[in-house]
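Notes for the one structure printed next.
The values are calculated or read from the model by the stated rules, or taken from the named source; none is laboratory data. The model shown is predicted, which means the values in this text are computed figures rather than measured ones. A quick note on method: Cβ atoms are made from the backbone with ideal geometry, for glycine too, and the neighbour counts reach across all protein chains shown. Heavy atoms of the whole protein, side chains included, go into the accessibility calculation; ligands, DNA and RNA do not. Shrake-Rupley method; radii C 1.70, N 1.55, O 1.52, S 1.80 Å.
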Amino acid sequence: MPKEKMLVEAIQNGIVLDHIPADKLFAIVSLLRLQQLTTPVTIGNNLQSARQQRKGVIKLSDHKVSSRELDKIALIAPEVHLNRIQDYQVIEKRQVELPHEVYDLARCPNPKCITNAEPMRTHFHVATHPEDGTVILECHYCGRKTPAEQAELL
Ligand SMILES: [Zn+2]
């Protein structure tokens, strides 16, 4: 069995986040608060990949990732693939989906923005930079554009 496949199939139930760019692995570990989990967690980085130079993989046994967490992952690393594992079988395999809009997922970096003065939800429109493919958040209220990688996620 190819090693690549073993990484995915070695857990009985849970999820595998695959094709994580190596330089974004620990940002995703942090946003998923994996240090707080008591269920088995396997983290690999700088693994060989056909499509990327080096990649990271996160395996979470008996754990689910919420749609809100998946949205955050997509903002940071839209190339990540999600595999759902049940009884050692991959029952779902797909790339994370970049949302068109996000609510209360990030803070607006503009200190004068109304969302930083009033107790209200933040709202961003999500776009992809046409040249380098980076994910951009545009504040619905003040129009400030921020690369998602640099945004303070909530
Ligand atoms: Zn704003």
Cβ contacts < 7 Å: first residue among the charged types (D, E, K, R), restricted to segment 96-120; second residue within 13 Å of the ligand (Cβ to nearest atom) and open to solvent by less than 30 Å² (accessible area, probe 1.4 Å), any location; separation 6+ or different chain. Result? 101/123; 101/124; 104/122; 107/122
Is it the case that residue 101 is within 16 Å of the ligand (Cβ to nearest atom) and open to solvent by less than 90 Å² (accessible area, probe 1.4 Å)? yes
Within segment 105-124, the count of residues that are within 11 Å of the ligand (Cβ to nearest atom) and in contact with a strand residue (DSSP E or B) (Cβ under 8 Å, 6 or more places away or on another chain) comes to 11
Of everything in segment 44-53 that's surrounded by 14 or more Cβ atoms within 10 Å (Cβ to Cβ) and either among the acidic types (Asp, Glu) or farther than 14 Å from residue 29 by Cα (or both), which residue is modelled with the lowest pLDDT? 52
If the requirement is being among the small types (Gly, Ala, Ser), more than 15 Å from residue 78 (Cβ to Cβ) and outside the structural domain of residue 72 (by TED's automatic domain parsing), which of these qualifies: 127, 117? 117
Among residues of segment 11-55 being among the polar types (S, T, N, Q) and in contact with a helix residue (DSSP H, G or I) (Cβ under 9 Å, 6 or more places away or on another chain), the residue nearest to residue 84 (Cα to Cα) is 42
Taking segment 121-153, which residues are modelled with pLDDT under 95 and in a loop (DSSP other than H, G, I, E, B)? 129, 130, 131, 132, 133, 134, 151
Do any strands (runs of 3 or more DSSP E) lying entirely in segment 21-104 carry at least 3 residues that are of a type in the set (Lys, Arg) and closer than 20 Å to residue 148 by Cα, and which ones are they? none
